[in-house]
Structures are given as C-alpha cells and as structure tokens.
Amino acid sequence: MHLLVVEDDDIVRMLMVEVLDELGYTAIEADTATAALRILENSDQPLDLLMTDVGLPDMRGEELAGKAREIRPLLPVLFASGYADSFNVPEGMHMIGKPFSIDQLRDKVVGILGAP
C-alpha cells in the first residue's frame with residue numbers, strides 16, 4: 001500500500017516515512033502541497049492514503065485534501081496536527097494529533113487501510 005506523506009518539517013517527515021516503511025507500507029514524501037499535487041496528478045503513481053500536515057507553508061492541509069479528492073475522489077485522507085482539538089475534520093476524513101507514538105500512527109493507518 002502506498003501512502004503520500006506531506007510534511008514540511010524534514011525530521012518529522014523522515015521519521016513518519018521510516019515508521020511507515022518499517023510497518024510494511026510504501027511511503028512517498030512531499031515537503032509542500034505543490035509537490036504533493038504533482039504526485040497526486042501522476043496517474044501512474046498508486047496511492048492508498050494521503051497523510052498531510054494541516055499547516056503547510058504553501059497551502060492549508062484542508063485545501064490540499066480538497067484538491068486531492070478532485071483528482072482522486074476515493075483517496076482516504078489523514079490529517080496530522082498539533083492542534084487536533086481545535087481542528088474540524090472534514091466528513092469522511094481522519095485526524096491524528098501530534099505528537100503521536102509509533103503505535104498510534106500504526107493503529108490509525110491500519111484502522112483506515114487495513115494491514116499492509
């Protein structure tokens with residue numbers, strides 16, 4: 001299963017990708033919404049989940065999710081935010097609060113996609 005991880009903090013993104021890879025998922029990285037949209041628009045790139053930070057430097061995570069759903073209408077979306085308590089998760093999408101443990105990340109992704 002292929003997950004697109006959109007996170008502008010290099011260290012956080014690297015750790016998320018490393019954990020997802022260890023769990024048996026294939027993680028594709030993007031550091032901006034613009035880079036993520038290029039990946040989303042590539043119809044040859046399989047994607048099973050978009051995992052995005054809410055606060056990106058070039059676009060809000062909600063806007064990216066909306067554009068992602070225009071391109072890939074059935075793509076599940078998982079938001080990651082340090083402000084999860086004050087974020088209204090759009091219907092049909094998911095949230096994980098930062099900081100999260102490896103177990104929390106695993107449980108959330110498996111809950112959305114099933115085991116790799």
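Values quoted throughout were computed directly from the atomic coordinates according to the rules given, and no laboratory measurement underlies them. All of these numbers come straight from a predicted model, not from anything done at the bench. Every residue, glycine as well, gets a Cβ built from its backbone with ideal geometry; the counts of neighbours run over all protein chains shown.
For this structure, a couple of remarks:
- Among 92-102, 43-53, sorting by the average number of other beta carbon atoms lying within 10 angstrom of each residue, highest first, gives 43-53, 92-102.
- Restricting the GluC sites (Glu not before Pro) of segment 1-110 to loop positions (DSSP other than H, G, I, E, B) with no more than 10 neighbouring Cβ atoms within 10 Å leaves 91.
- Taking the alpha carbon gyration tensor of segment 32-76, multiplying each eigenvalue by 5 and rooting it gives semi-axes of 17, 11, 9 Å, largest first.
- Under-5 Å amide H pairs with residue 96, H placed in peptide plane, nonlocal only: 79, 80, 81
- Estimated [θ] at 222 nm from DSSP helical runs (n ≥ 4, -39500 (n - 2.57)) normalised by residues in the chain, nearest 500: -12000 deg cm²/dmol
- Dipole of the chain, positive end: most advanced residue of 90, 19, 110 [Cβ charges, Cα centre]: 90
- Using distinct alpha-carbon pairs, which all enter the 1/r mean, Kirkwood radius of segment 1-48 in Å: 10.8 Å
- Net length available on complete extension from residue 21 to residue 87 is 21.0 nm, with 0.36 nm assigned per residue and the Cα-Cα distance removed.
- Label-point separation in nm, residue 42 to residue 60, each point 7 Å along Cα→Cβ: 2.9 nm
- Potential lengthening between residue 35 and residue 8 on full extension [0.36 nm per residue; Cα-Cα distance subtracted]: 8.7 nm
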